[in-house]
Amino acid sequence: QVHLVESGGGLVQAGGSLRLSCAASGGTLSMDAMGWFRQAPGKEREFVAAMSRSGSTNYAESVKGRFTISRDNTKNTVYLQMNSLNPEDTAIYYCAAGTTNYVGRSTFLYNYWGQGTQVTVSS
């Protein structure tokens with residue numbers, strides 16, 4: 001069983017930056033794609049970015065050019081560098097991990113989920 005723990009959320013002003021981290025433990029050998037989703041109040045959980053173990057990436061259109069996903073396979077950790085944040089980025093950000101290398105946008109592709117970390121962007 002894979003256990004994911006996110007960190008790095010917080011309150012930031014519009015235009016600012018945050019870096020989220022997600023550390024995986026447990027059955028990490030079964031993991032391949034790791035990604036980030038977010039869920040704002042009253043909205044469905046939406047895809048943000050994902051990265052395979054081999055380095056393939058996928059980003060939501062709304063974050064392209066502002067967010068960068070990276071990972072350290074030796075530490076079983078994935079990161080999300082978020083720049084030029086705006087109030088629309090306010091949400092709970094969830095880390096996810098899947099057992100295939102497909103960096104798709106559907107939540108059904110990911111088998112494991114973290115508890116989430118709050119990101120709040122003030123205007």
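Of note:
- Among residues of region 14-45 being among the charged types (D, E, K, R) and touching a strand residue (DSSP E or B) at 6+ places or on another chain (Cβ under 6 Å), the one that is surrounded by the fewest Cβ atoms within 10 Å (Cβ to Cβ) is ARG19.
- In region 63-89, the residues that are open to solvent by less than 50 Å² (accessible area, probe 1.4 Å) and on the phi > 0 side of the Ramachandran plot: ASN76
- Selection count, region 73-101, where residues are at pLDDT below 95 and more than 14 Å from the chain's Cα centre (by Cα): 6
- Among residues that are open to solvent by 30 Å² or more (accessible area, probe 1.4 Å), under 23 Å from GLU88 (Cβ atoms) and touching a residue at least 60 places away in the same chain (Cβ under 8 Å), LEU11 is included.
The values are calculated or read from the model by the stated rules, or taken from the named source; none is laboratory data. Predicted model only: the values in this text are computed from it and were never measured. Quick reminder, even Gly has a Cβ in these numbers, built from the backbone with ideal geometry, and neighbours come from all protein chains shown. These area figures cover heavy atoms from the full protein model, side chains too; ligands, DNA and RNA do not enter into them. Shrake-Rupley method; radii C 1.70, N 1.55, O 1.52, S 1.80 Å.
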